[in-house]
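Visitor: Structure in C-alpha cells, see below.
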Amino acid sequence: MDLSDILEAQGVLPSLKANSKKQALQELSSKAAELAGLDARDVFDTLLQRERLGSTGLGRGVAIPHVKFKDLDRIFCLFARLDEAIEFESHDDKPVDLIFLLLAPEHASGDHLKALARISRLVRDPATLEQLREAADADALHNVLSTPATSNAA
C-alpha cells in the first residue's frame, strides 16, 4: 500500500499550530471529519480514548494516532507538520512535530495494519524525516509522502 492511495492533497497540513497534544488532535479531528464526512467531536473523542490506551507517539518526533469508525468505507490519512514540536508522551520522551492521522473502517483491519506499516517504514528513514521537516509547502510534502514504497511487503 502506498500513502498516495489514502492521503489526499487536502489532507496535508504543512503548518499546524498547536500548543498541546489535545489541541493538535482537536485540529486534526476537524480536518479529518471534513474530509471523511464524520462528526468532528466523535473523531476527537475516539482519538482521545485511543490515546488513553497508550500514546501513539512513536519517537523521533513522529506520532501516528489511529482509530476505526463503522461509518467509513475507506481509509483516510492526514499528515500535519507542526509549527512547534509538542509533548506527546512518545516512547522516546521527545516532542512530536510530525503527525500522521489514520481513520479506518471497522472491517478494514488488514488494510489498517498495512497503512500503519507503510507509515512506520517511511518514518524510519532519516532522509525522509528530514525532507518532511524541510519541505517548503503542502505540495512538496505531498510529493515526499506519495513516493511509492520500495518494498512489496505490507
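The values are calculated or read from the model by the stated rules, or taken from the named source; none is laboratory data. In this text, all values refer to a predicted model and were calculated from it rather than measured experimentally. Here the Cβ is made from the backbone with ideal geometry for all residues, glycine too, and neighbour counts use every protein chain on show. Accessible surface is based on the protein model in full, side chains and every heavy atom, while ligands, DNA and RNA are left aside. Shrake-Rupley method; radii C 1.70, N 1.55, O 1.52, S 1.80 Å.
Visitor: Does D139 satisfy the criteria of being out of contact with any Leu (no Cβ under 6 Å at 6 or more places or on another chain), surrounded by fewer than 13 Cβ atoms within 10 Å (Cβ to Cβ) and in a loop (DSSP other than H, G, I, E, B)?
Guide: No: the conditions fail for D139.
Visitor: Name the single residue that is least open to solvent (accessible area, probe 1.4 Å) among those in region 74-95 being free of Cβ contacts under 8 Å to residues at least 60 places away in the same chain and within 16 Å of the chain's Cα centre (by Cα).
Guide: S90
Visitor: Given the conditions (1) under 17 Å from V67 (Cβ atoms); (2) part of a helix (DSSP H, G or I), which single one is not true for T128?
Guide: (1)
Visitor: Something else now. Which one is surrounded by the most Cβ atoms within 10 Å (Cβ to Cβ) among residues in region 5-29 that are among the polar types (S, T, N, Q) and under 11 Å from L78 (Cα atoms)?
Guide: It comes out as S29.
Visitor: On the given criteria, is R52 out of contact with any Lys or Arg (no Cβ under 7 Å at 6 or more places or on another chain), part of a helix (DSSP H, G or I), farther than 24 Å from D125 by Cα and open to solvent by 10 Å² or more (accessible area, probe 1.4 Å)?
Guide: yes
Visitor: Follow-up. Quick one: is E106 touching a Lys or Arg at 6+ places or on another chain (Cβ under 6 Å), farther than 16 Å from S20 by Cα and open to solvent by 10 Å² or more (accessible area, probe 1.4 Å)?
Guide: When the stated conditions are applied, E106 passes them.
Visitor: A further question follows. What pairs come up if the first residue lies in region 130-142 and is over 20 Å from D2 (Cα atoms) and small (G, A, S), the second is open to solvent by less than 70 Å² (accessible area, probe 1.4 Å) and at pLDDT 95 or above, and their beta carbons are under 9 Å apart, counting only those six or more places apart or on different chains?
Guide: So the pair list comes out as A136/P14.
Visitor: Just wondering, is there one or more residues in region 53-68 that are within 14 Å of the chain's Cα centre (by Cα) and among the charged types (D, E, K, R)?
Guide: yes
Visitor: For D42, indicate whether it is surrounded by fewer than 16 Cβ atoms within 10 Å (Cβ to Cβ), modelled with pLDDT of 95 or more and closer than 24 Å to S146 by Cβ.
Guide: no
Visitor: Give the residue, chosen from L101, L28, that is outside any strand (DSSP E or B), within 19 Å of L7 (Cα to Cα), under 15 Å from the mean Cα position of the chain (by Cα) and touching a residue at least 24 places away in the same chain (Cβ under 8 Å).
Guide: L28
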